[in-house]
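Written out below as structure tokens is the structure these notes cover.
The values are calculated or read from the model by the stated rules, or taken from the named source; none is laboratory data. Since the model is a prediction, treat every value here as computed from it, not as a measurement. A quick note on method: Cβ atoms are made from the backbone with ideal geometry, for glycine too, and the neighbour counts reach across all protein chains shown. Only protein heavy atoms, including side chains, enter the accessible area calculation; ligands, DNA and RNA are left aside. Shrake-Rupley method; radii C 1.70, N 1.55, O 1.52, S 1.80 Å.
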Amino acid sequence: MKITIVGTGYVGLVTGTCFAETGITVTCVDVDRHKIEKLKSGIAPIYEPGLDDMIQRNAAKGRLSFSTSLKESIGESEVVFIAVGTPPDEDGHADLTHVIDVAREIGAHMKKYLAVVTKSTVPVGTADKVKAAIQKELRKRRLDTPFDVASNPEFLKEGNAIEDFLKPDRIVIGVESDQAESIMRRLYKPFLLNNHPILFMDIASAEMTKYVANAMLATKISFINDIANLCEIAGADVNAVRKGIGSDPRIGNAFIYPGVGYGGSCFPKDVKALIKTAHAHHYDLAILKAVEAVNERQKKIMFKKIAHHFQGRLKGKTFAIWGLSFKPNTDDMREAPALAIIKSLLRAGAKVKAYDPVAAKECRKHLGDKITYARDQYEALMGADALVVVTEWSEFRVPNFKIMEKNMKNKLIFDGRNIFEPAEIRDFGFVYYGIGRGRSQ
Ligand code: NAD
């Protein structure tokens, strides 16, 4: 079976590489020449554990190739996946420009029956727009070539993307023809054999499922952050509360860790886009609006604590930042809470020395040389007035407090991810601020 994946970002590249791993012949296409050149030499343009090896292995076997030309790869493919970005437009709607561009290109070059599958996260109704764009191009070519559209949203998590793709909780596929369903069954056969559930449904429901999944997860995060703030004022420790509620299987432990707000390439934009979809249907998603508002407030909480501690006098102070990416095991800086915190510190006249195991290069694209990038976590602490933990990389969890004490000007920690135990930190003589730690802080 031969397939083409258009868009070689986090989703397209992982999807293409993992399908190649199951024996399918995959061409990954992107308009970004630089990315494609890198990929041809076996280097992934993103940090994702295990991905480089898998790319090299499948490319060497001739199952995985990279190209800038959809026109060349489309002729032999049975399936084309659209996996390009759907960033928010100025209003917060999902910008479908790239998706529709690809649909037009498909219509302009397809030669025989094709299943056109949208993997990008797109609002309900997008498959109809994809279909119309393809039909329009076919009409220009005076062709009546048959094709199907389908929706196969992706649920992988950056940092664990390969495992998530190869061992999915579920595969959601929206189809409107038996032929498309049978092709998708063939494509996902290795996953079916391993008992990973495949849920077939109508296209609109599949498109909606992806947004609702992200909206639910964002809701859990904002909920616990809101509760954490109350715990802090009321003298309770949210860590204890979290455990107390998480052990109820109806609630569960996942995604109820308080912090500095959610970020990344998906939650912020998908929450916004779902609110906009509701608006277009004259419906008010009141809960999600609150989720978004709470998150905006939470992104400011660490800076507020810092400013309060220093009584607003931050000019000339130096802050060490541990962690820049929006979560561990990725170099993705899109909507990273670290950016909001650092920008506030810089605006207040403070200096920032940051360390992240992989995201410094990405961070430079956002902040340039406005901050200093340290080579390791302890170098970042040299002369620091305080440490701010922003991303919970595992190497930060059990640090050497002796070196910290030696390197820092003040023994002061703002822990935006609650990775430390307040009592332990105090035993080492540090002043500690966490999120929602109440009296134990
Ligand atoms: P990305 O920005 O990392 O990659 C998108 C790629 O598409 C880029 O390489 C870009 O050059 C390419 N592209 C744009 N227009 C193109 C065109 N006309 N032809 C060929 N290539 C083109 O995006 P991503 O993070 O991989 O996300 C892709 C989609 O998947 C989005 O809709 C996103 O919401 C969704 N998604 C992302 C994640 C994630 O964790 N990143 C998870 C699930 C779903």
Open item on the list: Let me check I've understood the local charge: for Glu181, count other residues with C-beta under 12 angstrom from its C-beta, Lys and Arg +1, Asp and Glu -1. What total comes out?
Closed with: -2
TODO: Rank these residues by their accessible area, most exposed first, probe 1.4 Å: Asp169, Asp226, Asp331.
DONE: Asp169, Asp226, Asp331
Open item on the list: Given a Förster distance of 25 Å, report the FRET efficiency between Asp144 and Thr68 from their Cβ-Cβ distance, rounded to the nearest 0.05.
Closed with: 0.30
- [ ] Report P(r) for region 217-313: all Cα-Cα distances, bin width 5 Å, range 0 to the bin holding the largest distance, values in whole percent.
- [x] 3, 12, 19, 20, 18, 13, 9, 4, 1, 0
TODO: On a C-alpha basis, how far is the centre of region 195-265 from the centre of region 339-410 in Å? Whole number, if you could?
DONE: 28
- [ ] Apply 1/(1 + (r/R0)^6) to the Cβ-Cβ distance of Asp202 and Met1, taking R0 = 41 Å, and write down the FRET efficiency to the nearest 0.05.
- [x] 0.95
Task: Expected-Rg normalisation [2.2 N^0.38 Å, Cα atoms] applied to region 174-226 - done: 1.53
Open item on the list: If I compute solvent accessible area with a 1.4 Å probe over the protein chains, what percent of it on the chain is carbon and sulfur?
Closed with: 53
- [ ] Output the Kirkwood hydrodynamic radius of region 236-441, Cα pairs only, in Å rounded to one decimal.
- [x] 17.9
TODO: Could you please report the charge total around Ala380, scoring K, R as +1 and D, E as -1 over all other residues with beta-carbon less than 12 angstrom from its beta-carbon?
DONE: 0
Task: Distance between modelled label sites at Ala234 and Glu78, nm, 7 Å Cα→Cβ extension - done: 5.7
Task: Solvent-accessible area per residue, Å², over region 270-316 with all protein chains present [probe radius 1.4 Å] - done: 62
Task: Heavy-atom accessible area per residue - region 101-179, 1.4 Å, Å² - done: 44
Task: Fraction of beta bridges assigned by DSSP in the chain that are antiparallel (%, nearest 5) - done: 5
Open item on the list: How would region 13-115 be classified by its alpha-carbon gyration tensor: rounded, prolate or oblate, with rounded meaning a/c under 1.5 and the a/b versus b/c comparison settling the rest?
Closed with: oblate
Open item on the list: Tell me the mean residue ellipticity at 222 nm calculated for the chain from its helices only (DSSP H runs of n ≥ 4, each -39500 (n - 2.57), averaged over every residue, nearest 500).
Closed with: -13000 deg cm²/dmol
- [ ] Rank these by accessible area, largest first, 1.4 Å probe: Arg63, Arg142, Arg33.
- [x] Arg142, Arg33, Arg63
Task: Accessible-area order (highest first, 1.4 angstrom probe) of the listed residues Leu285, Leu96, Leu13 - done: Leu285, Leu96, Leu13
TODO: Run the quick spin-label model on Lys61 and Lys189: label points 7 Å from Cα toward the beta carbon, then report their separation in nm to one decimal.
DONE: 1.5
- [ ] Run the numbers on region 2-201 and let me know its relative contact order in percent, using alpha-carbon pairs under 8 Å that are six or more apart.
- [x] 19
Open item on the list: Straight-line reach only, C-alpha to C-alpha below 18 angstrom: list the lysines that Lys317 could link to, leaving out same-chain residues fewer than 8 apart.
Closed with: Lys304, Lys305, Lys343, Lys351, Lys353, Lys370, Lys406, Lys409, Lys411
Task: Pairs of alpha carbons in the chain whose separation is greater than 41 Å (percent) - done: 23
TODO: Give a quick list of GluC sites (Glu not before Pro) in region 1-81 that DSSP marks as loop, anything other than H, G, I, E or B, with at most 15 other Cβ atoms within 10 Å.
DONE: Glu76
- [ ] Calculate, for Met382 and Ser247, the FRET efficiency according to 1/(1 + (r/R0)^6) with r their C-beta to C-beta distance and R0 56 Å; round to the nearest 0.05.
- [x] 0.85
Open item on the list: Using 0.36 nm times the number of residues separating Glu421 and Asp369, minus their current alpha carbon distance, what extension gain do you get?
Closed with: 15.4 nm
- [ ] Counting only DSSP beta bridges with both residues in region 26-156, tell me the antiparallel percent, nearest 5.
- [x] 5
